[in-house]
Amino acid sequence: MSRSALGNSLLLSLLAAVVAALGYWQREPWWQGAPDTPRLWLAGVVLVAFALLCFFCLRGREARVGDGQGILLLWASQTGFAMQLAEQGAAALVQAGVSAHALPMEAANAAMLRQHRRVLLIASTTGEGDCPEHAVSFLPGLQAELLAGVEYAVLALGDSCYQAFCAYGKQLDEAMREAGAVALFPRIDVDAGNPKALDAWQNQLSELAGGAALATPAFAEPQPWRLMARQCLNPGGVADSAWEITLTGENMDWQAGDVAVITPCNAPQRVREWLLETKLDGETQIDRHGTLISLQDLLAYARLPAAESIAGKKAAEIAAQIVPLPVREYSIASIPAEGSLKLLVRQMRDAQGELGLGSGWLTAHAPLGSEIWLRLRSNPAFHDTLPDAPMILIGSGTGIAGLRAHLAARAARGMGRNWLLFGERQVAHDFHFEAELLHWQRQGLIEHLDTAFSRDGNACRYVQHVLAEHSARLREWVAQGAVIYVCGSLQRMAPAVDAVILQTLGKTLHDQLQAEGRYRREVY
């Protein structure tokens, strides 16, 4: 029995005892128009006792759910998922009567953690074990700090397909422990949004709320979209092939900067080979939540276990232990007014030359006209929050996707103060969306269009070099209120561009732009 249920039972038992006592003293008929003085005194004593009981129960409940200023939920998010979990978790706790609020990690420091006493850290891992860029200052700020008396928990979001799985969440867990904080419960690692791990986190939040039932986080369910077209944009080039993917669906509701979360499938040939190796019948019907589905169809969306790990097991046993494939996220390159959802997907290959899970499904394995399961994720960190301000857009490679959506949105509004800087390998092959970008430039919707193609010419020239060449224009546009949007590689392009911006504008203005939301990055 939960603590809240036990408390309710005790309270009801006490009320029953009070009723019995009053019944014992009530020797005359129940109705008495004018109670005598002893009865009035008795009623007063009972009411005061009941009020004191309620006071101490509430006070005890507050003590159980946190000291200081309540529970602090801190998030580090790259595409908005960690932020969504933190904000919905805080709202659910507040609804259950627990003081709680959510903040981005960079807004917190050790003093704030000591003040709140109970801290929940929800953190994504990006790249090769990196933290989301907005939160880079948080972990160094914990070093050499003492957090004795602080209780904490970590929800680490990651993808086990990458070697540095949940690395940033693990770093946070270790740093909090070394600072003297005490874990409320063991760290929970979430593999590609695994529902079981998220349920475990929800159960722990419920315990922090004294066992109260909390509102379940609301996430959009994947919906079937139709794969209408795919086109290789750089045939014959030296770079890995980049594909424009066109999808249509019923829920055409997103804005520039948002993300498409794709549920990929295994290549059909790979599933067939696995069934042959394991000698299992793919047509075997499996009961999944009251619906019959063939083993072959079920395996399409699952990580295929090693053949030796399922030797001797029946199809139903295997189905019960399979793990869903991780999702893949892509910046949306279009706006709803264009009538379709467009993605720009680079084909990725592993050391054996096999196509990557998401890129292989979208660019090669999924038949044209087939269903692609997709959900839209709002990404406020890359929205256009100052639509009337001049915009500087900087990107490389497939990073042009998110920038193209912003240009399309601003072109639809007739907003012409846009400066695009784009870098790739070869102008003859890799100038993605060239025709429409040049068309927007001729219309005056792109005021400046500067490019860098690293394989053309004798010297390698990248987008950061072009930005440095136009440092005077950068200062001028920023002085006129411009916003800066960067989209592309976290490891290469983004740090180099940031260094140029820092050198050109100085640290004070650089940091001011970030604080004002005028310098935004979507990097991966």
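Number of residues in the range 416-438 that are surrounded by fewer than 18 Cβ atoms within 10 Å (Cβ to Cβ) and part of a loop (DSSP other than H, G, I, E, B) equals 2.
Looking only at residues in the range 338-384 that are closer than 30 Å to Arg272 by Cβ and among the charged types (D, E, K, R), the one that is modelled with the lowest pLDDT is Asp350.
Residues of the range 403-412 that are basic (Lys, Arg) and under 13 Å from Pro390 (Cα atoms): Arg410 alone.
Just to check your reading of the model, which residue among Ala482, Ala515 is in contact (Cβ under 8 Å) with a residue 60 or more places away in the chain and under 30 Å from the mean Cα position of the chain (by Cα)?
Values: Ala515 fails: in contact (Cβ under 8 Å) with a residue 60 or more places away in the chain.
Only one candidate passes the filter, namely Ala482.
Condition first: polar (S, T, N, Q) and under 24 Å from Trp373 (Cα atoms). Can you find one or more residues in the range 298-318 that meet it?
The answer is no; no qualifying residue exists.
Screening Thr451 with (1) under 32 Å from the mean Cα position of the chain (by Cα); (2) among the polar types (S, T, N, Q); (3) modelled with pLDDT under 95 gives one miss only, at (3).
Only one residue in Leu233, Leu214 is among the aliphatic types (A, V, I, L, M), touching an Asp or Glu at 6+ places or on another chain (Cβ under 7 Å), on the phi < 0 side of the Ramachandran plot and surrounded by 15 or more Cβ atoms within 10 Å (Cβ to Cβ), so which one is that? Residue meeting the stated conditions: Leu233. Report whether or not Glu308 is of a type in the set (Asp, Glu), surrounded by 12 or more Cβ atoms within 10 Å (Cβ to Cβ) and free of Cβ contacts under 8 Å to residues at least 12 places away in the same chain. No.
Summed over the range 252-290, the residues that are touching a Lys or Arg at 6+ places or on another chain (Cβ under 7 Å) and β-branched (Val, Ile, Thr) give a count of 3. Applying the criterion of being touching a residue at least 60 places away in the same chain (Cβ under 8 Å) and polar (S, T, N, Q) to the residues of the range 311-347, the residue that is surrounded by the most Cβ atoms within 10 Å (Cβ to Cβ) is Ser331. Scanning the range 358-397 for residues that are under 24 Å from Ala220 (Cβ atoms) and in contact with a His (Cβ under 8 Å, 6 or more places away or on another chain) returns Ala381, Asp384.
Residues in the range 349-370 that are exposed (fewer than 15 other Cβ atoms within 10 Å of the Cβ) and either more than 14 Å from Cys232 (Cβ to Cβ) or acidic (Asp, Glu) (or both): Arg349, Asp350, Ala351, Gln352, Gly353, Glu354, Pro367, Gly369, Ser370. Any idea which residue in the range 481-498 is modelled with the lowest pLDDT, counting only those that are closer than 14 Å to Gly395 by Cβ and in a strand (DSSP E or B)? Top of the filtered list is Gly488.
A quick yes/no check of all residues on (1) surrounded by 15 or more Cβ atoms within 10 Å (Cβ to Cβ); (2) of a type outside the set (D, E, K, R); (3) assigned to a strand (DSSP E or B):
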{"position": "Trp440", "(1), (2), (3)": "yes, yes, no"}
{"position": "Ile446", "(1), (2), (3)": "yes, yes, no"}
{"position": "Asp450", "(1), (2), (3)": "yes, no, yes"}
{"position": "Gly457", "(1), (2), (3)": "no, yes, no"}
{"position": "Gln464", "(1), (2), (3)": "yes, yes, no"}
{"position": "Ala472", "(1), (2), (3)": "no, yes, no"}
{"position": "Arg521", "(1), (2), (3)": "yes, no, yes"}
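Quick one: would you say Ile501 is touching a strand residue (DSSP E or B) at 6+ places or on another chain (Cβ under 9 Å) and either assigned by TED's automatic domain parsing to the domain that holds Glu244 or part of a helix (DSSP H, G or I) (or both)? Yes. Would you mind stating whether Pro390 is within 29 Å of the chain's Cα centre (by Cα) and buried (at least 18 other Cβ atoms within 10 Å of the Cβ)? Judged against the criteria, Pro390 is a match.
A search for C-beta distances below 7 Å between a residue of the range 173-196 that is free of Cβ contacts under 8 Å to residues at least 60 places away in the same chain and hydrophobic (A, V, I, L, M, F, W, C) and any residue that is surrounded by 16 or more Cβ atoms within 10 Å (Cβ to Cβ) and assigned to a loop (DSSP other than H, G, I, E, B), counting only pairs 6+ apart in sequence or on different chains, returns Met176/Leu147. Cβ separations smaller than 7 Å between residues 6+ apart or across chains give the following pairs from the range 123-140 residues that are under 20 Å from Leu113 (Cβ atoms) to residues that are acidic (Asp, Glu): His134/Glu106; Ala135/Glu106; Ser137/Glu106; Phe138/Glu106. Output the qualifying pairs, or none if there are none: Cβ atoms under 7 angstrom, residues six or more apart or on different chains, first residue in the range 352-365 and touching a residue at least 60 places away in the same chain (Cβ under 8 Å), second residue in a helix (DSSP H, G or I) and among the aliphatic types (A, V, I, L, M). Close Cβ pairs (under 7 Å, with a partner that is in a helix (DSSP H, G or I) and among the aliphatic types (A, V, I, L, M)) amount to Leu355/Ala364. When only residues in the range 215-238 that are modelled with pLDDT under 85 and among the hydrophobic types (A, V, I, L, M, F, W, C) count, which is farthest from Ala333 (Cα to Cα)? Top of the filtered list is Ala215. The requirement of being without any contact (Cβ under 8 Å) to a residue 12 or more places away in the chain, among the small types (Gly, Ala, Ser) and assigned to a helix (DSSP H, G or I) is not satisfied by Ala411.
The values are calculated or read from the model by the stated rules, or taken from the named source; none is laboratory data. Note that the structure is a prediction, hence the values are computed from the model and not measured. Note: ideal-geometry Cβ built from the backbone for every residue, glycine included; neighbour counts use all protein chains shown.
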